[in-house]
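Rule-based calculations on the coordinates, nothing more; no lab input. Computed from a predicted model, the values in this text were never measured in an experiment. When we count neighbours, we look across all protein chains shown, and the Cβ atoms used for this are built from the backbone with ideal geometry, even at glycine.
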């Protein structure tokens with residue numbers, strides 16, 4: 001049996017510090033048929049010079065501008081040939097055998113398109129990490145959350161999520177995806193620029209009949225906030241705007257109209273909360289997110305023919321039947337009913 005060709009692809013933008021700290025761990029990976037690629041989004045630091053001097057075996061693909069997470073990866077992966085891509089953030093520490101269990105899981109079923117390892121916090125390694133934890137889920141109003149992390153509440157890893165299984169989305173911090181299905185799905189929607197683009201891709205794959213998996217036998221440690229930290233208003237803007245784009249792109253039309261209308265009011269509550277906390281830049285970021293989203297309703301930001309064709313297909317999918325959907329409101333359950341742990345959620349409400 002041939003060993004699948006795997007390409008670990010790290011997208012870099014002014015991240016020489018992380019390349020210096022974490023690339024040695026990637027190079028120590030024990031997968032026998034492995035390429036390591038760094039795609040550079042026109043960094044102004046000495047990232048490329050550092051790689052050329054210290055890592056001659058690492059392939060460097062240079063973009064001529066900063067195209068964000070979405071456009072950067074689309075351009076880089078178009079130049080990479082492999083059976084599997086691993087999209088890996090530059091601020092992630094991996095273990096030598098981190099690839100084997102995920103590929104073994106994905107090889108068991110041709111319908112598995114993507115998968116993620118267990119993602120723990122680099123600076124607090126007994127706990128899960130915000131961006132992925134033990135697999136991603138989504139509620140009926142489009143709010144994403146994780147097994148092991150609901151909103152800002154992050155659980156300690158006590159072995160409570162050691163069962164591999166299907167989830168709704170895999171974190172872009174360490175996403176395994178079959179190359180031919182990346183191509184079939186059309187890659188990332190570049191309208192997103194950064195944040196939630198991996199959820200959009202996973203939702204698209206699930207609407208196409210494929211699976212997204214979580215594999216706890218592989219563990220990685222993520223620093224988080226390497227490019228945009230949680231306190232950055234631009235990140236607030238992207239999160240609120242992109243969450244609305246996510247709904248518009250993947251829900252049937254009339255359900256999208258209803259959910260997005262409700263979300264505008266829910267976002268207004270978040271805006272008011274930011275104002276009460278003195279975070280005026282974050283409040284303004286929500287307002288700008290809504291303005292940008294409304295403007296985009298009247299023009300198509302989708303240039304890919306595959307994505308345009310998918311938009312029509314998505315109209316016939318019953319969202320609530322997809323695995324990884326929580327059929328209640330995670331906002332209500334977390335803030336009102338105080339269900340702060342994934343294990344607090346009622347199993348019958350999780351598909």
How do the peptides 214-224, 105-115 rank, highest first, by the average count of neighbouring beta carbon atoms within 10 Å per residue?
-> 214-224, 105-115
Mind checking the angle between helix 68-77 and the chain's longest principal axis? C-alpha axes, 0 to 90 degrees, to the nearest 10.
-> 40
If one takes the longest principal axis of the Cα atoms in the chain, at what angle in degrees, from 0 to 90 and to the nearest 10, does the Cα axis of helix 305-314 lie?
-> 40
By per-residue mean of other Cβ atoms within 10 Å, what is the highest-first order of 97-103, 322-328, 31-37?
-> 97-103, 322-328, 31-37
Take the alpha-carbon centre of segment 18-54, take the same for segment 147-210, and report the distance between them in whole Å.
-> 23
Quote the relative contact order of segment 131-186 in percent (integer), defining contacts as alpha-carbon pairs under 8 Å separated by 6+ residues.
-> 36
Count the DSSP beta bridges whose two residues both fall in the chain, then state the antiparallel fraction as a percent rounded to the nearest 5.
-> 45
Would you mind putting 188-195, 58-65, 86-93 in packing order, based on average other-beta-carbon counts within 10 Å, highest first?
-> 86-93, 188-195, 58-65
Mark the label point 7 Å from the Cα of residue 255 along Cα→Cβ and return the residues of segment 98-139 whose backbone N is within less than 14 Å of it.
-> 138-139
Using alpha-carbon coordinates, inclination of helix 233-250 to the longest axis of the chain, degrees | 80
List the equivalent ellipsoid semi-axes of segment 119-275 in whole Å, largest first, each obtained as the square root of 5λ for an eigenvalue λ of the Cα gyration tensor.
-> 24, 21, 15
Using only alpha carbon pairs under 8 Å that are at least six residues apart, calculate the relative contact order of the chain and give it in whole percent.
-> 18
Computed Kirkwood radius, in angstrom, where 1/r is averaged over Cα pairs of the chain | 20.6
